[in-house]
Every structure is written in C-alpha cells, then in structure tokens.
1. Subtracting the Cα-Cα distance from 0.36 nm times the residue separation, let me have the gained length for Leu207 to Leu18 in nm, one decimal.
2. Under the definition of Cα pairs under 8 Å and six or more residues apart, what whole-number percent is the relative contact order of the chain?
3. With n ≥ 4 as the cut-off for DSSP H runs, can you work out [θ] at 222 nm for the chain, using -39500 (n - 2.57) per run divided by the number of residues, rounded to the nearest 500?
4. Can you tell me how much longer the chain between Ile240 and Ala34 gets when fully stretched, taken as 0.36 nm per residue apart minus their C-alpha distance, in nm with one decimal?
5. Running Debye on segment 22-444 with equal point scatterers at the Cα sites and no solvent, what base-10 log of I(q)/I(0) appears at q = 0.07, 0.10, 0.11 Å⁻¹?
6. Give the separation of the Cα centroids, segment 287-317 to segment 368-424, in Å.
7. Find the lysine pairs in the chain meeting two conditions, Cα atoms under 25 Å apart and a separation of 8 or more places or different chains, and report how many there are.
8. At a Förster radius of 30 Å, what calculated FRET efficiency corresponds to the Cβ-Cβ distance of Ala53 and His145, to the nearest 0.05?
Amino acid sequence: MEQFLAQLTAWSGSLSGLLWGNPLTLILLVGTGAYLTLRMGVVQITGFRHAVALLSGRYADPSHPGEVTHFQALSTALSATVGTGNIAGVATAIAFGGPGALFWMWMTAFFGMATKFTEVTLSLRFREVAADGTVAGGPMYTLLHGLKMRRLAILFASFALIASFGIGNMVQANSVVDGLSYIWPGLRDAAWLVGVVMAILTGLVILGGVQRIAKVASTIVPFMALLYVAGALIILISHIEAIPAAFATIFNAALNPWAVGGAAVGEAIMWGVKRGLFSNEAGLGSSPMAHAAARTDQPIREGLVALLEPFIDTLIICTMTGLVIVVTGAYIDRPEELKGAALTAYAFSTTLGSGGAVVVGASLALFAFSTIIAWSYYGDRAAHFLFGAGAVMPYRVVFTVLVVFGAAVPLELVWNLADSANLLMALPNLLALWLLSGLVVKLKREYFSAKADRSP
C-alpha cells in the first residue's frame, strides 16, 4: 500500500507540475482577471460600496426567487474559500516561493474580484429554479444555457465533482491533522480518529441541504474569522516596527530580480498565483454554485456581493497570515519539516507561546470544517447536474466517508490532486467568462442605470 501511494504521489506531482509549471497557465488565470477588470470598468472599486450595502438586506424581497439571503450566500461561499488556504496555503507559498509570493496572492485577489463578479452574475442569469423553489446553478448551467455547450458543461461538472473530494474534502481534513499534530504530536498517529470525528460532524450538517449549510456557515464564518484575525493582530501590533520592512521585503522579493534573482521571482509568481487561486477560488467556478441560491431577481446584485469574497479571504485574512510569518522571521529560521499549517502555527507561537499554536489549530479546524460543508454542496450540485436528483444523497454519504481517508493519506498526494483538479475545473469556466463577458457588461449597465433612475 505504501509503495502504491508513493507511486501515485509521484504521478500526481508530475501532472500538477505539468499543469502549473508553465507560464501559459499563469498568464491565462491572471490575464482573465485583468481583462475582466478592464471590461467591467474596475468594478471591484466602483461597485465596492454598493456591494457592502447589499449585505444589509436593504434590497431584499422575500418574493424573489432563491433559497438564502445575500449574507447567507456570501457566508456559504466564504466558508469554502476561507479555509486551509488561508493558513496552510499562505505558509506553503512563502516556504517554497519566498515572501514575494504574498504580493502575487494580492494580485490574484484584486483581479479575482472582477472574475468573481462576472462568474457569479452569469450563474444567477442562467440558474434553474424548480417548482418547489430549489435552485441549481453554476458554470455548468452557464455553459449549457448561455453557450449551448453541453459537453463542456458535463466536463466542468465532472471536474467539480472530483475537485470536491480534493480541495473541498481531503485537503481540509489532512491540513487539520497537520496543524493539530504540531500542538499534540501524538495526534498524527490517531489521524483516523480525527477524521471520524470530522466526518460525523460533516454528516450532521450536509444531510440537511443548502439551507442548513447556509445557516451553519453564517454562524461559523464571522466567529472563526474574528478569532484568527484577532490573534494575528496581536502579533502584528507587538511587531509593529517591523511591518514597514516586511512590506519592503515582500515587494522586493516579488518584483526585483536583481536583488533576489530571476528564478526566485519566478517561483514567487508561480506559488503566489497557485496558492492565491486555491485560497480565493476566483475563476474556479465553485462559488457561483453557492451564490446561485441567493434570493434576488437581479443577477448583478449577487455578482457585486461575490466580489467581496477575494477581498475578505485574501486581501485581509491571507495578508494577516503572511505578515505574521514575515515579521516574526519564521520563514527564515523555521525547522526544515515545517511547510504548511505547522509553519503558521510555529510563527504564531514565536510571539504567543503555546497559545499561538492553539489559535492556529482551533482556527484551522473551524476553517476546514466550514470549507468541507460548503464544498459538499458544490459537489452535490455537480452530481445533480450529471446524474439527477437521485445521486445527491449517495454523493453526500461518499463525501462524508472520504473525510476519514483524507485525514490519513500523505499530504503531498492530496495537494497534488487538488492543484490538478483546480485547474482542470477552471478551464471551461474561464472560456465561458471570455465569451459571455459582453452580456455581463450589458446587465451591469442596465442595473446601474435603473438604480440611478430610482435614486432621489
């Protein structure tokens, strides 16, 4: 069994390297966000204030189609994106790509705000609302109804189904064990037990469908984000004099090949973009499935709400993690074996002692649990699209069981599978964004023109 896993790890690593280790991939991902930023009139800036206003419920109408509120839809999507990428992903990016990787995570987040706006607007425009009020939406429906590309729709849903077992399941369970075992080393030998506990909790939530998932997510997400950000702020305040130098180090390592070498800048770009996408999922096509359930008759409204995701996930929470690792110098003096969540726990503990590792471990458990329950919904939407409503419950059962396996398999194998599935899932979605961006521009112009007419 160990030999088989080692071989599978090597094969998956080769595939991941082939997909991610070429400049065309990075140009496609960042380039799409840059193109949409220009095409949408820098909507991440011009629409930001209205996006925040929408969360207040001021524009809500219970008679509109949908199953959850704007805030619940955002919380569900955030519960998927605010996960191990914010703790393990940032640490991995800095460990392998240097501090400059954080700058490129910021770039993916800024451009990703326009990407989120576009893909979520399209998911609302082409969603299906059943007679009983339940909603099915996402890039597969955009491809099917918006572009009449049934085969690509099936391809996206297939990759989404696979990705739900990787990025949304096994990676999360595995990273929880990684982070907790830094605090209690003995837990590494009891990884199966941790997996069983997480699987039971997951099953209790996801069997209730999107409304229960949204209710749990809207409760957990604000609490877990505040807990983690509070811990990070304490550390940053205690190292406040080092913050300007930390930013200088980040910019220098990201943009100055004469100082750090061209190869180092290249590694920073690759790891920053890769982990940036993993963290905020912009362009991946996952979040539109959660946002599609929002109660609204205006697709643009939910698109605006969605652009807040990369801002919260990457520009706030990931930045906190990255700055803590840089200002404490943990990325320099870390033990060689500390690369993922354990590196973040190490950075927190240099200032907060054992309490810092506890904050990271507790946050990681909450982040991962919320990601697992949100991704279960993405996977069941893909299963519903591919095989019909009868496949949803069997999918949820299989998904729950795989949490146990994810906690115990090698970390490198899980990350390789997740990285590969991420990109393969993104490609059909990105095609739809390029081909249908003109429709989103039209919807945006009509929405803001009508809003201006209604203003006093």
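1. Full extension of this stretch gives 64.3 nm more.
2. 36 percent
3. On the way: 22 runs with 337 residues, N = 456.
For the chain, the value works out to -24500 deg cm²/dmol.
4. Roughly 70.9 nm would be gained on extension.
5. For segment 22-444 at q = 0.07, 0.10, 0.11 Å⁻¹, log10 I(q)/I(0) is -0.29, -0.61, -0.75.
6. If you average the Cα positions of each part, the centres end up 22 Å apart.
7. 10
8. Efficiency at R0 = 30 Å is approximately 0.50.
Computed from the coordinates by the stated procedures, all read-outs in this text should not be read as laboratory data. Just so you know, these numbers come straight off a predicted model, no measurement behind them. Positions of Cβ are generated from backbone atoms using ideal geometry, with glycine treated the same way; all protein chains shown enter the neighbour counts.
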